[in-house]
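> Just dropping this structure here.
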């Protein structure tokens, strides 16, 4: 059984021969909070053959899939990965040397910029550009977020925070709407049909985030939050008022491309 590390780690350059690109054996993640509208009460997820093969309660998982490699990820949030829909300012291809760093931040796909409308989606750079987020969403315009290659926008949680927390109050959107623009929106620009949540049968592309306070925050200041009861089927997200969580593992189509889970805990942790 693998356990979570307590200390921070660093990710080096990733090459085709690097162990970080190894195919994972059937792996059972337990103790998780799954970002899923279909199975919001799931506390376990099985990954096999590049797919999310099963989700459900942890006790059932141990009975059905007890022979799989087990990752004790107690308290960790598992979400779809971010997509940088505008990874460059001039439309050139993203630098491949940045893929390892992007994976370490929970980004699973980087598309050439710039911002604008592509594939019927309005691509925005929330950290460096101003936009009327709420008006666009009210008008039914699909949104996608990106960094434009700006160093201050490297953290994709900063895109979410900018659209939901630090933009002018009248145009703020919910954390969930901003997160979907930063994940599902970019998949749509890339031509991929992704539901924006995780469930059985999807390709195993996801990020395992360190334990963090989770919430469901609305865009309206007069409304503190939506229901956090799993039965409401509203997936939880990190409380971004505390900063940004750390990606402990990033998986793309079943391949582990960023991993801090095998690092030993710091002394005294």
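Only the coordinates and a few stated rules stand behind these numbers; no lab work does. Small disclaimer: the values here were computed from a predicted structure and weren't measured. All Cβ positions, even for glycine, are placed from backbone atoms using ideal geometry, and neighbour counts span all protein chains on display.
> Can you report the principal axis dimensions of region 32-97 using only the alpha carbons, biggest first, rounded to whole angstrom?
52, 23, 19
> Separate question: Can you give the percent of C-alpha pairs in region 82-189 whose distance is more than 20 Å?
Result for the distance tail: 28 percent.
> Sorting 132, 36, 43, 147 on the 10 Å Cβ count, fewest up front, what's the list?
Ascending number of Cβ neighbours within 10 Å: 132, 43, 36, 147.
> Right, next: So between residue 150 and residue 63, what do we pick up on full extension, going 0.36 nm a residue minus the alpha carbon distance?
26.6 nm
> Rank-order 135-144, 235-244 by packing density, defined as the average count of other C-beta atoms within 10 Å over each peptide's residues, highest first.
Top to bottom by mean Cβ count within 10 Å: 235-244, 135-144.
> Can you give the FRET efficiency for residue 97 and residue 246, using 1/(1 + (r/R0)^6), R0 = 30 Å, r = Cβ-Cβ distance, to the nearest 0.05?
E(calc), rounded to 0.05, equals 0.90.
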